[in-house]
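The values are calculated or read from the model by the stated rules, or taken from the named source; none is laboratory data. The shown structure was predicted, so the numbers you read here are calculated from the model rather than taken from an experiment. Cβ placement follows ideal geometry from the backbone for every residue including glycine, while neighbour counts extend to all protein chains displayed. Remember, those area values only see protein heavy atoms, side chains included, never the ligands or the DNA or RNA. Shrake-Rupley method; radii C 1.70, N 1.55, O 1.52, S 1.80 Å.
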Amino acid sequence: MRKFQAAPFIASTTIPATFPAEDSSYTVTLGTATLAESDSFVKIPKGSFKRASSATATATAYTITLTKDFYMCDHEVTQGEWEKYMTYYGEVNSNDSYRPTEKYGKGENYPVYKVNWYEAVIYCNLLSMAKNLTPAYYITVGEEKKTDPADWVNSESLATNIKKTDAGKYYYDGDNISNNSLLDYNGDSDSDGGIQLDTSANGYRLPTEAEWEYAALGSYKDNDNWNGYGDSSNEDAYVFAGYDGANADDIGLYAWYPSNSSNTVHAVKGKLPNSYGLYDLSGNVEEWCYDWLNDLSYSYAASDESDPTGASGGTWRIIRGGSRYTVASGCSVASRSSNHPCDHFSNHGIRLVRNANN
């Protein structure tokens, strides 16, 4: 399932020759968990931002408050990082439809894609365990909370086809089902498979939708022209990650999208970052968030909220940020899309966050 908000088109922008080349030789790594800044994580300070009630410039704006600082990785998880712990459904089944290929971008520093929501939370827990952090996700078996994905494989509490290869790599064993007419669209699905979030854990996790949007807005969240959906002073501008109110024509400097991507993903950190120093929040690959979609109307905020984590259940998980083939409107920080958590698509990737000590 795809849904993007309609908006005017922005012409492509030529990237200056002096800008860092995407084929630069570097390796992105996650270092020691006790030094967040040194392992590519940026501290995002707590605060508030405006979110619109619907995808229109005239919608009511509500205040969303994040009461705690958090760390967000400055780049999308790369294929090299992912493959330390995970494999691809298509790798196991020799199916290019379910694994990165040269056609769409393949390499250690390219963002991982064709991964689903279940695989994303498994990766988060495995990385947390490797860094001696408390995993953020768990299932309950009897009265015991299980955070080790090894305990999730074939668990009766987890009907999500999670598998582990002989080499110790994890994957989700199943085809895409988002077009299945039998899916429950009314928010009553139990398709989370029993996975729950421990909000107090210090391990890696997916951002909530509110955390993602707050971080993507950067300093523009404090601009008087931000109305919760767009720029009130320029209705034709898209507020992308890196937008400052005066650079509406420069989306191509910040995002890989159809006008400059050649329909492939590109190595992470090959564009300009936003004001927090975060790269590729607009474009390249879309990023899974923790939240369930609250309904199929894609309504936004309905009231002022603090630390929202989305609906209590549903069928679809939120995806944010736009991608290599998302039009400019879909790369705006307010645009929303979603898919079923078991689906693997060529534009679905992830970015990690974790709690700060406050």
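The set of residues from the range 299-316 being within 21 Å of ILE44 (Cβ to Cβ) and open to solvent by 20 Å² or more (accessible area, probe 1.4 Å) comprises ASP304, GLU305, SER306, ASP307, THR309, GLY310. Here the condition is being touching a residue at least 40 places away in the same chain (Cβ under 8 Å) and under 20 Å from the mean Cα position of the chain (by Cα); of LYS68, LYS103, it holds for LYS68 alone. Scanning the range 215-237 for residues that are outside any helix (DSSP H, G or I), of a type in the set (Asp, Glu) and open to solvent by 70 Å² or more (accessible area, probe 1.4 Å) yields ASP224, GLU235, ASP236.
Would you tally the residues in the range 258-315 being assigned to a loop (DSSP other than H, G, I, E, B), under 26 Å from GLY105 (Cβ atoms) and in contact (Cβ under 8 Å) with a residue 12 or more places away in the chain?
Summing the residues that are assigned to a loop (DSSP other than H, G, I, E, B), under 26 Å from GLY105 (Cβ atoms) and in contact (Cβ under 8 Å) with a residue 12 or more places away in the chain in the range 258-315 gives 22.
Per the conditions (1) part of a loop (DSSP other than H, G, I, E, B); (2) more than 14 Å from the chain's Cα centre (by Cα), the sole criterion not satisfied by SER329 is (1). Considering each residue of the range 316-324 in turn, at least one proves to be of a type in the set (A, V, I, L, M, F, W, C) and touching a Gly at 6+ places or on another chain (Cβ under 9 Å).
State which residue is nearest to ALA267 (Cα to Cα) when the search covers only the range 24-46 and only residues that are open to solvent by 20 Å² or more (accessible area, probe 1.4 Å) and at pLDDT 85 or above.
Within the range 24-46, the subset open to solvent by 20 Å² or more (accessible area, probe 1.4 Å) is 24-27, 29-32, 34-35, 37-38, 40, 42-43, 45-46.
Among the residues that remain, those that are also at pLDDT 85 or above are: 40, 42-43, 45-46.
Working: SER40: 15, VAL42: 19, LYS43: 23, PRO45: 27, LYS46: 30 Å.
Among those that are open to solvent by 20 Å² or more (accessible area, probe 1.4 Å) and at pLDDT 85 or above, it is SER40.
Can you pull out the residues in the range 80-124 that are hydrophobic (A, V, I, L, M, F, W, C) and under 13 Å from HIS348 (Cα atoms)? Before you say what the answer is, go through the steps one by one.
Taking the range 80-124 as the starting set, the residues that turn out to be hydrophobic (A, V, I, L, M, F, W, C) are 82, 86, 92, 112, 115, 117, 120-122, 124.
The answer is VAL112, VAL115, TRP117, ALA120.
Can you name the residue in the range 162-205 that is modelled with pLDDT under 85, among the acidic types (Asp, Glu) and surrounded by 12 or more Cβ atoms within 10 Å (Cβ to Cβ) and is also farthest from SER94 (Cα to Cα) among such residues? If you could, list the steps in order and put the result at the bottom.
Here is the first cut: in the range 162-205, the ones modelled with pLDDT under 85 are 174-194.
After this cut, where a residue has to be among the acidic types (Asp, Glu) as well, the list is 175, 184, 188, 190, 192.
Filter again for surrounded by 12 or more Cβ atoms within 10 Å (Cβ to Cβ), leaving 175, 184, 192.
Working: ASP175: 13, ASP184: 31, ASP192: 27 Å.
Of everything passing the filter in the range 162-205, ASP184 is farthest from SER94 (Cα to Cα).
In a residue-by-residue description of the range 117-129, the property of being open to solvent by 10 Å² or more (accessible area, probe 1.4 Å), in contact with a strand residue (DSSP E or B) (Cβ under 8 Å, 6 or more places away or on another chain), within 25 Å of PRO273 (Cβ to Cβ) and outside any strand (DSSP E or B) applies to no position.
Going through the range 317-358 one residue at a time, which ones are of a type in the set (A, V, I, L, M, F, W, C) and either open to solvent by 10 Å² or more (accessible area, probe 1.4 Å) or modelled with pLDDT of 90 or more (or both)?
Going residue by residue through the range 317-358, those that are of a type in the set (A, V, I, L, M, F, W, C) are 318-319, 327-328, 331, 333-334, 342, 345, 350, 352-353, 356.
The answer is ILE318, ILE319, VAL327, ALA328, CYS331, VAL333, ALA334, PHE345, ILE350, LEU352, VAL353, ALA356.
Among the numbered conditions (1) over 21 Å from GLY330 (Cβ atoms); (2) open to solvent by less than 60 Å² (accessible area, probe 1.4 Å); (3) modelled with pLDDT of 95 or more, the only one that LYS84 does not meet is (2).
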